[in-house]
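> The structure that follows is given in the form of structure tokens.
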Amino acid sequence: MPFLFTRGVLRSAIDQSFTKPVILRISGGTSMVGKDLANEIITTSIEEVIRLNATAVGLSVFIGSDMKRNTADLAETVNKCENYGIPVMAVTAVGREWEKREAVTLV
């Protein structure tokens, strides 16, 4: 089972002898308050991902947000990581009005 950590936690709180797979979260924002939580940027370079020996990377993608940047960041990250064989995980959020959405059944 892999663990999802930010760069700061991985550097300062995880012992170097930790041997479980690590997904490094490479996106972040300045605040959890405000009009749109989707205003995140890529905070960690692919070189840093490799240096920290991460198994994969994860970044936030906010479906339905006005922030087109995070889907572009996802595409760019996939392209960069593909060169090094690093898997990319999209940590997906569906927006603020969750209760108004209908469930979808996948067959």
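The values are calculated or read from the model by the stated rules, or taken from the named source; none is laboratory data. Note that the coordinates shown come from a computational prediction; the quantities given were computed from them, not determined experimentally. Because the Cβ atoms are built from the backbone with ideal geometry, glycine has one as well, and the counts that use them run over all protein chains shown.
> Between a first residue in the stretch 1-12 that is buried (at least 17 other Cβ atoms within 10 Å of the Cβ) and a second residue that is of a type in the set (Asp, Glu) and not in a strand (DSSP E or B), which pairs have beta carbons less than 9 Å apart while being 6 or more apart in sequence or on different chains?
Filtered contacts from the stretch 1-12: ARG7/GLU48.
> Something else about it: Return the residues of the stretch 17-46 that are of a type in the set (Lys, Arg), loosely packed, with under 13 Cβ neighbours inside 10 Å and modelled with pLDDT of 75 or more; say none if nothing qualifies.
LYS20
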